[in-house]
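So the structure is just underneath, and the comments pick up after that.
Here, each number is a calculation from the coordinates, and none is a lab measurement. None of the values given here were measured: they were computed from a predicted structure. Positions of Cβ are backbone-derived with ideal geometry, glycine not excepted, and every protein chain shown enters the neighbour counts.
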Amino acid sequence: MTSPQPVLPHAVLHASVLDLAPVVPVVVAADAADAVPLARALVAGGLPAIEVTLRTPAALEAVRAISAEVPDAVVGAGTVIRPGQVSEAVSAGARFLVGPGWTESLLEAMRASGVPFLPGVSTTSEVVALLEHGVREMKFFPAEAAGGTAYLRSLAGPLPQARFCPTGGIGPASAPEYLALPNVGCVGGSWMLPEEAVTARDWPRVEALARAAAGLSAGGTCR
């Protein structure tokens, strides 16, 4: 059993989650038993920051297992939409938090958690409101549906202090276009976790796809 407030890795304490890797895998955990081998495959492929979405009954147990058994992973909780989920996720071992949106009460809970967090935005007003709260790093969601690279490029001029992790509809072909933007630190996606590979527990394939994602750069070539 992990402690309620795990000690954060050096990378998280002294660097932004947005700077750990060009891609943050978004994991929907159907079976907590798969969490550890899946996380090991992602880390081996060069993607240490892993967002486990709180969309399934197995999610918190998956976070707990990864936190306890995959020390090189920086596991976070995504789809955080209620203040109560913040303490549940951190108690399970989440080292960062991601929300598809935000409210005043959710932001307060995230700030009080002591771990890095990325509240979600999709409009200029939401970005400005977070900047007023002193929050400069955000999730842009749903990225493609909300305007994609053109929208984020437009925000970079008047709001250069805001940095984003775009997520939603992004794949290996479009990721480099996002990574080329000055206000994008990384992107979120699940293309390195195809359903058939996870169902078959084909972890070597997941590792290979993760390695390709970790090598993405703004120019579309390996870093």
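Here are some notes:
- The tail of the calculated P(r) for the range 148-217 beyond 21 Å holds 34 percent of all Cα-Cα pairs.
- For the range 153-169, the residues whose backbone nitrogen is under 17 Å from a point 7 Å from the Cα of ASP19, taken along Cα to Cβ, are 161-165.
- Amide H partners (placed H, <5 Å) of TRP102, local residues excluded: GLY120
- Correct option for volume of the Cα convex hull per residue in Å³ [calculated from the coordinates] among (1) 140; (2) 186; (3) 109: (3)
- Additional length obtainable on full extension of the chain from GLU108 to ALA156, 0.36 nm per residue less Cα span: 14.7 nm
- Near PHE117, the amide H atoms lying under 5 Å from its own belong to LEU97; only residues 5 or more places off or on other chains count, and H is placed 1.01 Å from N.
- Summing charges over neighbours of ALA92, with a neighbour being any other residue whose Cβ is under 14 Å away from its Cβ, gives -2 when K and R count +1 and D and E count -1.
- Taking 0.36 nm per residue of separation and subtracting the current Cα-Cα distance, fully stretching the chain between ALA145 and HIS133 would add 1.7 nm.
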